[in-house]
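Everything on this sheet refers to the single structure shown next.
The values are calculated or read from the model by the stated rules, or taken from the named source; none is laboratory data. This one's a predicted model, so the numbers in the text were calculated from it and none came from an experiment. Note: ideal-geometry Cβ built from the backbone for every residue, glycine included; neighbour counts use all protein chains shown. Just so you know, the surface numbers come from the protein's heavy atoms only, side chains and all, with ligands and any DNA or RNA stripped out. Shrake-Rupley method; radii C 1.70, N 1.55, O 1.52, S 1.80 Å.
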Amino acid sequence: MRSDRGQSAPLGLKIAAACGLLFLHLPILLIFVYAFTTEEKSFVWPPPGLTTQWFAVTWNRLDVWDALSLSVRVAAISTTIALVLGTLCAAAVSQTRFFGRETISLLVILPIALPGIITGIALRSAFALADIPFSFWTIVLGHATFCVVVVYNNAVARFRRTSGSMIEASMDLGADGFQTFRHVVLPNIATALLAGGMLAFALSFDEVIVTTFTAGQQQTVPIWMLEELIRPRQRPVTNVVAMVVVLVTLLPILFAYYLTRDGDQIAGSGK
């Protein structure tokens, strides 16, 4: 039977795909263009002129650096928490059998399935009942709820493709649990954990809804951008910061895709 893989797609399908890509990415390209506009007060198309002055202005804005620093610190700590908890949950669910295992798996992934506003309201109510003041750590806890899910999903898929015979062989040869994890399990799941961690960092860095309910008076980069759009001082500065956000979130996602695209080739998976 002749394969259809080599046949070209119909012209109509190509046009539809091109229109879909333009619809998704044209607004992002506009962000980059308006970062160079000479117009300060409003967005005019086409831009009256192009300049790079807004990059220097953004560099000297202390409020931008404060928001950027807060976002990076929150994302880094949330990702670290997610890597630990997500890996432990994935190991427990994939490597052992116990009553309620599927229920626990559902509860772990539930925060990312719920609308962000529901998670935000729930966290805000919990902090209020516990009389916990809003701080850096309330933002971290809020972000960790969905970062754990990203790491868990990557780790559990890799655990399930890792051969249990390798772990049994390691234990039979006298290795303890820590040595088995370090020399056998970790090398097989490392790329999945790195990919999950990078995705979690990207999600945390540009999170808006949960942050709104858990930040109090603090401003991460997305919250700062919303404030600037409502009460703009220098509109192109917002677009320059948006460019940074696009790059900070896009690069980890591309790298995570590169790390996991050959995920089926796991040592011992065919034995």
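Quick one: 3J(HN,Hα) in Hz for segment 55-65, Karplus 6.51/-1.76/1.60 with θ = phi - 60°, rounded, Gly and Pro as x.
Each residue of segment 55-65 in turn: 5, 5, 5, 4, 4, 8, 8, 5, 5, 5, 5 Hz.
Just how large is the dipole of segment 6-74 about the Cα centre, in debye to the nearest 20, putting +1 at every Lys and Arg Cβ and -1 at every Asp and Glu Cβ? Intermediate values should be presented prior to the final figure.
Numbers: 4 positive and 4 negative charges, 45 e Å.
With only Lys, Arg, Asp and Glu charged at Cβ, the dipole is about 220 debye.
For a Förster distance of 51 Å, can you work out the FRET efficiency between the beta-carbons of Ile230 and Phe178, rounded to the nearest 0.05?
Values: r = 52 Å, r/R0 = 1.02.
Using R0 = 51 Å, I get an efficiency of 0.45.
Count charges around Pro222 for me, please; just the other residues with Cβ under 13 Å from its Cβ, Lys/Arg as +1, Asp/Glu as -1.
Numbers: positive: none; negative: Asp206, Glu207, Glu227, Glu228.
Within the 13 Å Cβ shell, the charges total -4.
Averaged per residue, what accessible area in Å² does segment 74-138 show with a 1.4 Å probe, protein chains only? Let's see the in-between values first.
Numbers: 3940 Å² over 65 residues.
Per-residue accessible area for segment 74-138 comes out at 61 Å².
Set the Förster distance to 30 Å, then compute FRET efficiency between Ile15 and Phe43 from the Cβ-Cβ distance, nearest 0.05. Kindly include the intermediate steps, with their values, before the conclusion.
Numbers: r = 29 Å, r/R0 = 0.96.
Computed FRET efficiency for Ile15 and Phe43 comes out at 0.55.
So how much slack lies between Tyr257 and Val72, counting 0.36 nm per residue of separation and subtracting their Cα-Cα distance, in nm?
On the way: separation 185, 0.36 × 185 = 66.60 nm, distance 2.15 nm.
Extra length available between Tyr257 and Val72 comes to 64.5 nm.
Which of the listed residues, Phe127, Phe159, Ala113, is farthest toward the dipole's positive end in segment 100-229, when Lys, Arg count +1 and Asp, Glu count -1 at the beta-carbon?
Checking the options against the dipole of segment 100-229, the answer is Phe159.
For segment 50-133, treating each Cα as an identical point scatterer without solvent, what Debye log10 I(q)/I(0) comes out at q = 0.20, 0.22 1/Å?
These q points yield log10 I(q)/I(0) values of -1.10, -1.16.
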